[in-house]
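In what follows, a structure is listed as structure tokens, so that the remarks can point back to it.
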Amino acid sequence: GVLGTNCPIPPNSNYTYKFQAKDQIGSYTYFPSTLMHRAAGGFGALNIYHRSVIPIPYANPDGDFTLLIGDWYKTSHKALQQTLDSGKSLPFPHGVLINGQTKTTFTGEQGKTYLFRISNVGLSTSLNFRIQGHSMKLVEVEGSHVIQNLYDSLDVHVGQSVTVLVTLNQPPKDYYIVASTRFTRTVLTATAVLHYANSQTPVSGPLPAAPAYKYHWSMQQARTYRWNLTSNAARPNPQGSFHYGKITPTKTIVLANSASNITGKLRYAVNGVSYVNADTPLKLADYFNISGVFSMNAVQGVPSGVAATVATSVMPTNLHDFLEVVFQNNENAMQSWHLDGYDFWVVGFGSGQWTPKKRRTYNLIDALTRHTTQVYPNSWTAILVSLDNQGMWNMRSASWERQYLGQQFYLRVWNPVRSLANEYDIPSNVLLCGKVVGRHP
């Protein structure tokens, strides 16, 4: 969980969290959301396989590899935290790692096809992924089966996961696997090795080149990601049976990120409000009806245009609302946005300022669902989301510096009737902290 829904697990203790991954398949990651623990290596892969009675839209692969790619700092996570606490931005990363290492080998047999699950677990940097001499067939993105296009390289932004099939159809030797930073003046590169089992020849030759073009190329690639409407989801019904493009949104929210200076320190804001954590999880304050923990009128649904302020900001919505959310990025920095508790349809990308006329460019037929979307510099990204999951949900930057310094808020998906049809009871082993200490669920 996150600090808005769960109390932190105290030192030298443990907490058991039970959940059912009944409606999801695919490649995901997990990580602690407190402080800078993620920068210390607190992350891993979470691969959810389909039930045997539900077919996947490709032949069973001959093997399954997980690749966690991400930027990396030599500096300790506590020193990185002190940098942010002092009001300064993090320095440029020192390198890129694949599975936490500088040298990893993945072995397969000639003629066979392997599944590669690739996740960007870094703190801030978009990465491009490619395999020397091999094309990649994209099959799944964060739980969505997709149209199976072939790619020479893929941009994977912070917090995102993609799954590809790679057939070992080249002469038997070793080939480079490459992850390199995108949109950075200095390019950092990590390599691993794809080893043919019958190879006697080590890796050689120049590394496969990254895309020559930047943001426009990347945005064009993102538009080619399409939902596979003929494949089954985790449940036995076609993914395309839910016609999201024919639903009129309940309301439109435009969220503009900004870098601000508040009391002499760097902060990041959403619509002019920089989030600060409360000592009591917002979900628990809501459950026990404790006032004064969060504000439901601080952050508005349109950019404010005024000087940034700080607040524990919550945006109120209703259960079963259908939202259009526009991420407006007026900065020169790449953005990556995540919503807890949901997948959403990524229906549009565009440069400049979003206006209602941009809706004409939306993909309202087969946009894929995912949990993290990129927003290019001085550009916008539009999503549609069906609020069918009651609770208090974190909407945040996936860039760790930005979320740590306030580029986040909570979406309160609310129904006044307390019902097990809408939401499970509070866990019997819930941790209590702040103003809810001593309360009984």
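The values are calculated or read from the model by the stated rules, or taken from the named source; none is laboratory data. What you are looking at is a predicted structure, and each value in this text was computed from that prediction instead of being measured. Note that we place each Cβ from the backbone using ideal geometry, even for glycine, and neighbour counts take in every protein chain shown. Accessible surface areas use protein heavy atoms only, side chains included; no ligands, DNA or RNA. Shrake-Rupley method; radii C 1.70, N 1.55, O 1.52, S 1.80 Å.
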> Do you know which residues across segment 323-344 are open to solvent by 10 Å² or more (accessible area, probe 1.4 Å) and out of contact with any Asp or Glu (no Cβ under 8 Å at 6 or more places or on another chain)?
Replying inline: N330, E331, N332, A333, M334, H338, D340, G341, Y342
> For segment 196-237, what are the residues that are open to solvent by less than 80 Å² (accessible area, probe 1.4 Å), at pLDDT below 95 and farther than 27 Å from F106 by Cα?
Replying inline: W227, N228, L229, S231, N232, A233, A234, N237
> Any idea how many residues of segment 24-45 are open to solvent by less than 70 Å² (accessible area, probe 1.4 Å) and either basic (K, R) or closer than 22 Å to R370 by Cα (or both)?
Replying inline: 12
> Counting just the residues of segment 407-441 that are among the hydroxyl-bearing types (S, T, Y) and farther than 30 Å from L80 by Cβ, which one comes out least open to solvent (accessible area, probe 1.4 Å)?
Replying inline: S419
>> Could you check segment 46-81 and list, in sequence order, the residues that are surrounded by fewer than 17 Cβ atoms within 10 Å (Cβ to Cβ), small (G, A, S) and touching a residue at least 12 places away in the same chain (Cβ under 8 Å)?
In response: A59, G63, S76
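Conditions (1) touching a Leu at 6+ places or on another chain (Cβ under 6 Å); (2) more than 30 Å from E401 (Cα to Cα), marked per residue:
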| position | (1), (2) |
| --- | --- |
| T104 | no, no |
| T107 | no, yes |
| R130 | no, no |
| V141 | yes, no |
| G159 | no, no |
| V166 | no, yes |
| N169 | no, yes |
| D174 | no, yes |
> Would you pick out the residues in segment 1-20 that are of a type in the set (A, V, I, L, M, F, W, C) and open to solvent by less than 40 Å² (accessible area, probe 1.4 Å)?
Replying inline: V2, C7
> Can you tell me how many residues in segment 238-256 are open to solvent by 20 Å² or more (accessible area, probe 1.4 Å) and not in a helix (DSSP H, G or I)?
Replying inline: 10
> Taking segment 257-293 on its own, how many of its residues are open to solvent by 50 Å² or more (accessible area, probe 1.4 Å) and in contact with a Leu (Cβ under 9 Å, 6 or more places away or on another chain)?
Replying inline: 3
>> Y404 - would you say it is closer than 30 Å to S86 by Cα and open to solvent by 30 Å² or more (accessible area, probe 1.4 Å)?
In response: yes
> Any idea how many residues of segment 384-424 are of a type in the set (S, T, Y) and part of a loop (DSSP other than H, G, I, E, B)?
Replying inline: 3
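Let's see how each residue does on (1) crowded, with 21+ Cβ neighbours inside 10 Å; (2) modelled with pLDDT of 95 or more; (3) in the same structural domain as S397 (by the TED database); (4) under 16 Å from G63 (Cα atoms):
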{"residue": "T102", "(1), (2), (3), (4)": "no, no, no, no"}
{"residue": "F106", "(1), (2), (3), (4)": "no, yes, no, yes"}
{"residue": "S119", "(1), (2), (3), (4)": "yes, yes, no, no"}
{"residue": "K137", "(1), (2), (3), (4)": "no, yes, no, yes"}
{"residue": "N149", "(1), (2), (3), (4)": "no, yes, no, no"}
{"residue": "V158", "(1), (2), (3), (4)": "yes, yes, no, no"}
{"residue": "V164", "(1), (2), (3), (4)": "yes, yes, no, yes"}
{"residue": "Q170", "(1), (2), (3), (4)": "no, yes, no, no"}
> Got at least one residue in segment 188-209 being assigned to a loop (DSSP other than H, G, I, E, B), touching a Ser or Thr at 6+ places or on another chain (Cβ under 9 Å), under 14 Å from T125 (Cβ atoms) and without any contact (Cβ under 8 Å) to a residue 24 or more places away in the chain?
Replying inline: no
> Got a sec? Which of T373, T381 is open to solvent by less than 10 Å² (accessible area, probe 1.4 Å), part of a strand (DSSP E or B) and closer than 17 Å to G143 by Cα?
Replying inline: T373
>> Suppose we keep only residues that are among the β-branched types (V, I, T) and either in a loop (DSSP other than H, G, I, E, B) or at pLDDT below 95 (or both) within segment 355-370. Which one would you say is most open to solvent (accessible area, probe 1.4 Å)?
In response: I365
>> I need every pair where a residue in segment 25-36 that is in contact (Cβ under 8 Å) with a residue 12 or more places away in the chain and assigned to a loop (DSSP other than H, G, I, E, B) has its Cβ under 8 Å from the Cβ of a residue that is among the β-branched types (V, I, T) and crowded, with 18+ Cβ neighbours inside 10 Å, sequence separation at least 6 or different chains.
In response: F31/V121; S33/V2
